[in-house]
Amino acid sequence: MNAFAPDLQAAPPPSSKRGRRSSPWGWRWGDRLVLVCAWAMGIGLCVIAGAIVLYMAYRGVQYLRPSLLFSRPQVSLSQAGSGGFLDPLLGTMLLTLIGVVFALPLALASAVWIAEYGQGGRVRQTLARVVESSIEVVAGTPDIVIALFGLSLFRLGLFAPLSFRAEGGGVYGQSFIVAGAMMSLLALPPVFTATRDGLQAVPAHMREAAFALGKTRIATIRRVLLPSVRSNMATGITLGISRIIGDTAIVLFLAGDTPRIEPQGGAPIVNLLRGTGSTLTTYIFQNSPAGEGGAPQKAYAAAFVLLVLVLGLNLLVDRISRRQARSMGLTAAGGIV
Amino acid sequence: MNQHRRLRRLSIAAAMGVLGVATAPAAASATALVTISGATSSYPLVSLLAAKYVKLHPHKIRFKIAQGGTGVGIADVKAGSVTIADVASEFTSADAGLDFYPIAKYAICVVTNQANTLSNLTPKQVTSIFTGKTKQWSEVPGATATGPIEVFSRTSVAGVLTSFKSLLLEGKSVESSATEESSEGLMKQAVESHPSSIGFLSNYNANKGGLNSVEFNGVACNQTTAASGQYAGVAVFFEVTKGTASGAAAAFIDWIDKSPAAKKIIASQWVVIG
Amino acid sequence: MLERLRKPWPDHRAERTLGAVSLLVGVGVIAMVAFVATEAWPIFQHNGLSWLGGGGSLEHEIANMTAAGAHAPAAVYHLRAWPVIYGTLLTCAIAVALALLVAVLTSVFIVELAPVRLRNVVIPVVRLLASVPSVVYGLIGILVLAPFVEQHLITAHDKDSVQNVVQLTGEGLGVTVVILTIMITPIMIALICEALSSAPPSWREGAVALGLNPLRAVRAVTLRAIRPAIVAATVLATARALGEAIMIEMVSGGKSFAPNLSHGVPTFFYEPLRTLASAIVDYHDGIAAPPLRAAVYAFALLLLFSAFVFSVAGYLVKLPLRKYQVRA
């Protein structure tokens, strides 16, 4: 067409057929080895995951009876008489509820403040960095350290109303509300990150339109921005819930470790919060050869129920994020998260 | 008009709040709460005694019994975190300021796996096995297990370990290569699942079934020989308080000491004192 | 007053409230770190930094601490925690190295080699592995893997060779490392896959045009390009491995013993150990005794510090990724 690229005209038109791919038989040995290893790893990981799920399902079906889900644990010498795990199941749900109730307002407030108000001014930006970094510190803290922190903290006399006092004056320092407060630290980072990223991804024109209509910043946040990041929040909350459900250390240290839920005191709901109990995770731990029970059948049954719960939550996260991606016009191409 | 409605709503809410907070401690103080922690070997006995006591005094007392080992119980009661400590070993100089109340006697049995039908060990053999001098089952006459001897011991917080060392091990220590279990339940599981193992348990757990209890110097280890004084390894369970026991704790300990119902429970598997 | 709460808030009040709540979170976290450091101080006071070293039996030292009361003499605070630190370093290093290899190969498989239908199977599988709770991994380890190792892999000869020093019961380094690798691989796969798929395709196409086969092109070009993402993945996986407590407590054998390579290779992997996190689980019920409380908090401080260092390192390494518009 022009003097600069005479060959372009002479070149044949691009073929619509797929180009010839180089076949592995022509490669060097090193590359072939890597190919085989990569395939082996990929298939191997699937095989391992399949083995775990199938084995737990096999043991679960073998040992799980519907009566186990609805009967309470009992002190007994034999497997047959030691009851089911209704209380641990209820304990899991109660603790999740408390954890989310504590984490949600804190995470939302922080995310909103950092995303919307934390931009202007030196002081505000420094404070915003401080808050962001501290939430990253919490995200990176092992749950065992959080549990240990709670163990000593809630034995101070100041926190006696949160658990109870024994005769002799010592604050017990372990109860559902204590464990739930520390669990909220586990759920805080996922909710915070998801909400903050969602708020930052909201295009500027939505805010500008609201301001142009005369709304204040806080009203914009309440009525325009938060509803639009609802699915981000949902993903974050579900991630937080799955972290809470899967955690053992905090419950083991802080929830009193009694097989049954034992309320404390007289007031109707407060006594449950101040009471001690256990969750599915500590039930599994205590019934395994590592704990006191030596009841592997019950441990398998409870582990199967726990796995089903966690996998269900996983599917939920998947569905929410896929719906969100579709609504924003993107497709998840090859990404895992 | 709005002001009045607001004030009324606020005052109702405040009253309910105060009521709720007030009833909680009021209801709680009706039942005394006694917390206990300590030995895993006396846990079955203390749980039974506590359950019986609660049945006899309904709505007056509640117990929360944890385990952790004698050492943990003593540390807890020294720090004031629990009311009573369950202890399975004797008073030492480190326990100044604590009051020890004996409640029962128990025997410490040497146990092996059920498949290993070893019937008797002399004191010298016991010492030599647990201190690591004898290493193979082939060197122990009467043992049907083969291969190296796997010694299971308890972690240092165990009162049973302290008593075992002073009564049956001539004061020596168990070899440092032994695997240490942190409770009687775990020790029982370990010996049950390893064919060439040997360990020690209180007589209640040793004779529950699933293990081979070994005679010590020709004397079987059970409740009868412990009561008669024939068996050498008899130790005492204590309830320990910081200073003199008072209040609900004192009443409970007193009840264990004097009541025939408590004596009946103790006599079922353990040895009554006095 | 309720009226004032119910009316829409003016901006400055909302901002101040939200700011206060956010700062509360920040202050709370700082207070937590300060609390842990304060409780751990007596160990530093009596030992300096030499408590990180070795010598003596950690189990004896812990025994002394449990028996002591509030006003214990200085000798009770003596602590040499090297076996526990060595156990932590050993398990994390081996697990992260293995996980790196597995994760890179699997990510290359997922992004480059797998047909679409197989990819749609492998991705949920990876997510599944990431979401299994650690107590379930521990249960499988202690009920399936450890008995298998003890009955089929450990020989009487192995047990004899270390009988003077330690007993081999199946629970030990090998089982711990295998399960820890499976636990941290999904984290690395997620990050590396994202980086691989957002790396500029033109670079790889250029390499293919120059005559490299596709796999070699990935090795030579893309993997080098996403090196920061691989480092970030390694660092984050290490932080996760450091904090794993419950699973390790169940399968590591619970003995403060430093596995010794000079005992020979299969035996090395059968030896029991203890890590910082599993030591906290084992000793936490004795924290009514002040010296033991200081020791356990010192372990926690070390964990907190390392996890913090690794998280910061991961964040710093991820920063240059934004230059290449690689979402990681």
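Quick notes on this structure:
- The range B:119-193 and the range A:217-285 have their alpha-carbon centroids 45 Å apart.
- About the Cα centre, charge dipole magnitude for the range B:106-234 (Lys/Arg +1, Asp/Glu -1 at Cβ), debye: 160 debye
- Among B:A143, B:A32, B:A96, the largest mean-square fluctuation in a Gaussian network model of chain B, built with springs joining Cα atoms closer than 10 Å, belongs to B:A96.
- When the listed pairs B:K172/B:K264; A:K298/B:K133; B:K188/C:K159; B:K105/C:K159 are checked against a 31 Å cut-off, the alpha-carbon distance exceeds it for B:K172/B:K264; A:K298/B:K133; B:K105/C:K159.
- Whether chain A is rounded, prolate or oblate, judged on the alpha carbon gyration tensor where a/c under 1.5 counts as rounded: oblate
- For chain C, the relative contact order is 27 percent, taking Cα pairs closer than 8 Å that sit 6 or more residues apart in sequence and dividing their mean separation by the residue count.
- Within 10 Å of each Cβ in C:27-33, the average number of Cβ atoms from other chains: 6
- With contacts taken as Cα pairs under 8 Å at a separation of at least 6 residues, the range B:113-269 carries a relative contact order of 25 percent.
- Structure-based [θ]222 nm, chain C - -39500 (n - 2.57) summed over DSSP H runs of at least 4, per residue, nearest 500: -21000 deg cm²/dmol
- Of all aspartates and glutamates in the structure, those lying under 16 Å Cα to Cα from B:K124, and not within fewer than 8 positions of it along the same chain, are B:E139, B:E170, B:E175, B:E215.
- Number of partner chain Cβ atoms within 10 Å, mean per residue of C:309-317: 2
- Per-residue [θ]222 nm for chain A (sum of -39500 (n - 2.57) over DSSP H runs n ≥ 4, rounded to 500): -20000 deg cm²/dmol
- The range C:49-100 and the range C:265-292: distance between their alpha carbon centers, rounded to Å: 8 Å
- Under-5 Å amide H pairs with B:E181, H placed in peptide plane, nonlocal only: B:S153, B:R154, B:T155
- Exposure proxy order (Cβ contacts within 10 Å, fewest to most) of A:I250, A:I269: A:I269, A:I250
- Across chain B, C-alpha contacts under 8 Å between residues 6 or more apart give a mean separation that, scaled by the residue count, equals a relative contact order of 26 percent.
- Shape metrics for the protein assembly as shown, restricted to C-alpha atoms - Rg then Dmax, Å: 31.0, 118
- Mean ellipticity per residue at 222 nm, deg cm²/dmol - from DSSP H runs of n ≥ 4 across chain B, formula -39500 (n - 2.57): -12500 deg cm²/dmol
- Remark: the Cα gyration tensor places the range B:106-234 in the rounded category, a/c being less than 1.5.
- Whole-Å distance, taken between Cα centres, linking the range C:167-218 and the range A:110-173: 36 Å
- Residue mean of other protein chain beta carbons inside 10 Å, C:179-188: 1
- DSSP bridge orientation in the protein assembly as shown - percent antiparallel, rounded to nearest 5: 60 percent
- For chain C: rounded, prolate or oblate by the Cα gyration tensor [a/c cutoff 1.5]: oblate
- Kyte-Doolittle mean at least -0.5 and Cα axial length at least 30 Å: DSSP H helices in chain C: C:11-47, C:82-108, C:173-198, C:290-318
- Helix runs (DSSP H) in chain A reaching 24 Å along axis by Cα, Kyte-Doolittle at least -1.0: A:29-63, A:86-112, A:122-140, A:176-201, A:296-327
Any read-out appearing in this document is the output of simple, stated calculations on the displayed coordinates, not a laboratory observation. Quick caveat: nothing in here was measured; it's all calculated off a predicted structure. We place every Cβ from the backbone using ideal geometry, glycine too, and count neighbours over all the protein chains shown.
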